[in-house]
Protein chains: 2
Amino acid sequence: MSEFQLLRGIYSANAALLSRHRERVVIPPGDDLAQIHLRSPELLIGVDQMIEGRHFRSGTPIELVGRKAVARNLSDIAAMAARPLACVVAVALPPSLDHEAIMALYEAVRATAELFDCPLVGGDTGSSGDAAAPSAASAPLVISVTVVATLPAGVPRAITRSGARIGDGVFVTGKLGGSFGPDGLGRHLTFTPRVQESIALARMLGERLHAMIDLSDGLGRDAGHLASGSGVAIRLDAASIPTHDGCTWTNALGDGEDYELCFTAEGPVPAEVEGLAITRVGEVIAADWGQALVSLGTAGGAIDVTSMGWEHGR
Amino acid sequence: MSEFQLLRGIYSANAALLSRHRERVVIPPGDDLAQIHLRSPELLIGVDQMIEGRHFRSGTPIELVGRKAVARNLSDIAAMAARPLACVVAVALPPSLDHEAIMALYEAVRATAELFDCPLVGGDTGSSGDAAAPSAASAPLVISVTVVATLPAGVPRAITRSGARIGDGVFVTGKLGGSFGPDGLGRHLTFTPRVQESIALARMLGERLHAMIDLSDGLGRDAGHLASGSGVAIRLDAASIPTHDGCTWTNALGDGEDYELCFTAEGPVPAEVEGLAITRVGEVIAADWGQALVSLGTAGGAIDVTSMGWEHGR
């Protein structure tokens, strides 16, 4: 079976499954482009890729690789309080990957996307070099996913990183830290992107929800993105940071890849949204020259944690 | 300079340039997602990647690689008679690529996109492995571009591959064949995607323009996509196929990567659109079991050319 035939099979199967999205997917995959019908004129778009050896270890179960490639992008949608519309995927396949693994990868991408109402409407797949060429053996698997999203009813604008105001509380959802696990196969591969919770939060808080980001680089660095985007500073309180069992605030700040939400809001914020815990972890303060963008109050005093965490290079 | 700083510089420069698209680009790159404002509720989307060693030779000037990565996607937009809205790019960088080359690559992507009014609104860049690890030396450069487009005024629907009708003429724009050139650095790297011409054609022919595709796999194979998509067959006439100097119909059918348009239409079609030649090369006929999907009439008789050309694996 040639690669072309293999992919044709995958796309046909997907096209059949897409029939449930008939109102949204006007032209399904198989043409030069797919066509989506929008109900709102506001479109959100972003791309994230996963590179073997960089974003996941060689030997990671291929289903989890496909799942994460989509879930990371869905987490970006959640960070804007947007609603998924569709996704497309490009995969550069190392020659070592057999057809069964390729099928499993695609199925994981498709199923994860479908679960979050983000139908897969296009793809491009190619081989990195030639299985006969020994040098190609080290070509990494690269999966790039692009998502498009729109504003849900009841959410008048996307929540950016730049709206934080002095006096806002700083909040996180869920618990943080230890996402890689002892074997590298932890929550960073199996997390639930907070798409539903984010929309519910935006509806609940309305104009009081000022800024939001998803936690991929670690709380210190991501709070830094909020602070620099908004021209403010953030003071976190170490004792209040909710952590997973066995983790401390150093894990919450340094491990990264929690894919929880971090947001700033004015006024009272409930203790949970859709069953997901919300914890106040700090406050937005004025930025001062020479002061830390993000400082953390600990038992031993305040420390600068702006640069503590994962540098994803983005 | 870290990769993060490098990219921040690129994105900031691009964000400044994006100010000219203020009405369209509501949230510029730098947040979790970018936001685009649409004037039409119809969105077209597709992704195409370029893998070093597969879609371009190692050693190809990096500017031409970046240009082609975008231009191929723009050609898909042209194939639907759509108008570009925006693009995003993911790049997996081999450790061998230095900062200067990375900057040149991004600038080529940005400038090509800008030239066709398709602003670059997002990106993700990561390294394939570690420069210190000798095995990473063979990791290929992978560039994946996703484009979104919409329907221009005066074009009521996207032109798909599936609308060809028996009795339609089959037409191509420009000349075909020899796109790789003697040194591999030919037109497949420098072609002009027919975005403007396609929109003008769709407006001119209106409902008489039935089906369209861009010529990437070669005329035989791409006409086959039109035929199979439409449930018809196509008869081409070898003598009428417009070819570049030094090329014959075998090049037009076999070389691929012309990125001209091939369309079927009812009734009279002008000899050019926006200064680009249009040539009638065949007609749409009924599909018959056991007959070729695409046949070519030559001096020596009719031959089946359905599978003649480039298999891009898509």
Subject >> Residue identified as among the acidic types (Asp, Glu) and either facing chain A (nearest Cβ under 7 Å) or at positive phi (or both) among B:42, B:52 >> reply: B:42
Original post:
Out of curiosity, is residue B:198 assigned to a loop (DSSP other than H, G, I, E, B) and touching a Phe, Trp or Tyr at 6+ places or on another chain (Cβ under 9 Å)?
Top reply: no
**OP:** Considering only region B:188-206, state which residues are in contact with a Gly (Cβ under 9 Å, 6 or more places away or on another chain) and either within 14 Å of chain A (Cβ to nearest Cβ) or buried (at least 24 other Cβ atoms within 10 Å of the Cβ) (or both).
**Re:** B:194, B:202
Original post:
How many residues are modelled with pLDDT of 90 or more and more than 8 Å from chain A (Cβ to nearest Cβ) when one looks only at region B:100-131?
Top reply: 21
Subject >> Residue within region B:223-232 that is in contact with a Ser or Thr (Cβ under 8 Å, 6 or more places away or on another chain), more than 16 Å from residue B:160 (Cα to Cα) and surrounded by fewer than 24 Cβ atoms within 10 Å (Cβ to Cβ) present >> reply: no
Subject >> Search result, residues across region B:233-250 that are surrounded by fewer than 21 Cβ atoms within 10 Å (Cβ to Cβ) and under 20 Å from residue B:276 (Cβ atoms) >> reply: B:240, B:242, B:243, B:244, B:245, B:247
Original post:
Could you say whether any residue in region B:72-84 is under 28 Å from residue B:183 (Cα atoms), basic (Lys, Arg) and over 15 Å from the mean Cα position of the chain (by Cα)?
Top reply: no
Original post:
Taking only pairs six or more apart or across chains, which ones have beta-carbon atoms under 6 Å, a first residue in region A:272-298 that is over 10 Å from residue A:233 (Cβ atoms), and a second residue that is among the hydroxyl-bearing types (Ser, Thr, Tyr)?
Top reply: A:276/A:173; A:278/A:173; A:281/A:240
Original post:
modelled with pLDDT under 95, in contact with a Pro (Cβ under 7 Å, 6 or more places away or on another chain), assigned to a helix (DSSP H, G or I) and closer than 23 Å to residue A:195 by Cα: does that describe residue A:18?
Top reply: yes
Subject >> Selected residue (criterion: nearest to the chain's Cα centre (by Cα)) from residues of region B:23-38 that are at the interface with chain A (Cβ under 7 Å from one of its Cβ atoms) and over 21 Å from residue B:124 (Cα atoms) >> reply: B:38
Subject >> Failed item in (1) within 21 Å of residue A:72 (Cα to Cα); (2) crowded, with 20+ Cβ neighbours inside 10 Å, with residue A:209 passing the rest >> reply: (1)
Original post:
If only one of A:172, A:142 is of a type outside the set (Lys, Arg) and facing chain B (nearest Cβ under 7 Å), which one is it?
Top reply: A:142
Subject >> residue B:51 vs. criteria in the same structural domain as residue B:125 (by TED's automatic domain parsing) and either out of contact with any Gly (no Cβ under 7 Å at 6 or more places or on another chain) or over 26 Å from residue A:93 (Cβ atoms) (or both) >> reply: no
Original post:
Can you name the residue in region A:56-72 that is away from chain B (no Cβ under 12 Å) and touching a strand residue (DSSP E or B) at 6+ places or on another chain (Cβ under 6 Å) and is also surrounded by the most Cβ atoms within 10 Å (Cβ to Cβ) among such residues?
Top reply: A:70
Original post:
Does residue B:75 fit the bill of being at pLDDT 95 or above, of a type outside the set (A, V, I, L, M) and surrounded by 24 or more Cβ atoms within 10 Å (Cβ to Cβ)?
Top reply: yes
**OP:** Tell me which residues, restricted to region A:26-40, are more than 19 Å from residue A:117 (Cβ to Cβ) and out of contact with any strand residue (DSSP E or B) (no Cβ under 6 Å at 6 or more places or on another chain).
**Re:** A:30, A:31, A:32
**OP:** Return the only residue of B:290, B:313, B:275 being over 16 Å from residue B:222 (Cα atoms) and either within 14 Å of another protein chain (Cβ to nearest Cβ) or modelled with pLDDT under 95 (or both).
**Re:** B:290
Original post:
So which residues in region A:30-55 are surrounded by fewer than 21 Cβ atoms within 10 Å (Cβ to Cβ), part of a strand (DSSP E or B) and touching a residue at least 24 places away in the same chain (Cβ under 8 Å)?
Top reply: A:42
Subject >> region B:158-195, residues that are of a type outside the set (Ser, Thr, Tyr), within 19 Å of residue B:56 (Cα to Cα), assigned to a loop (DSSP other than H, G, I, E, B) and at pLDDT 95 or above >> reply: B:177, B:178, B:191, B:193
**OP:** Determine if region B:294-307 includes at least one residue that is within 14 Å of another protein chain (Cβ to nearest Cβ) and among the β-branched types (Val, Ile, Thr).
**Re:** yes
Original post:
Given (1) at pLDDT 95 or above; (2) at the interface with another protein chain (Cβ under 9 Å from one of its Cβ atoms), where does residue A:155 come up short, assuming only one miss?
Top reply: (2)
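The values are calculated or read from the model by the stated rules, or taken from the named source; none is laboratory data. Keep in mind the model is a prediction, meaning the values are calculated, not measured. All Cβ positions, even for glycine, are placed from backbone atoms using ideal geometry, and neighbour counts span all protein chains on display.
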